[in-house]
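K.L.:
Quick one: the structure is below, questions incoming.
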Amino acid sequence: MAKNDREKNGKMTVEEAGRKGGEATAETHGKEFYQEIGRKGGEATAENHDKEFYQEIGEKGGKARAEKRNDD
């Protein structure tokens, strides 16, 4: 939905709503909040995935980093 569409119907885009929500959360919560939700997410990921999952994402990260070096 373009800005003009929003002006016509008065509705907020999903992108705008997400941005505004993120900004409001950042204003009301500190660094510790984000550290805690990151820790919880990491623990949940570890419970739901095995060693091969981490090996695969590690390989992908290594390849992406090597490609970036080659582009520089």
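K.L.:
Out of the residues in the range 33-61 meeting the condition of being under 25 Å from G22 (Cβ atoms) and of a type in the set (F, W, Y), tell me which one is nearest to the chain's Cα centre (by Cα).
P.N.:
The residue in question is Y34.
K.L.:
Of everything in the range 62-72, what is farther than 29 Å from G22 by Cα and small (G, A, S)? Give them in sequence order.
P.N.:
G62, A66
K.L.:
Find the residue count for the range 27-52, including only residues that are in contact with a Phe, Trp or Tyr (Cβ under 9 Å, 6 or more places away or on another chain) and at pLDDT below 95.
P.N.:
Total satisfying the criteria: 0.
The values are calculated or read from the model by the stated rules, or taken from the named source; none is laboratory data. Everything quoted here is computed from the prediction, not taken from an experiment. Neighbour counts run over all protein chains shown; Cβ positions are idealised from the backbone, glycine included.
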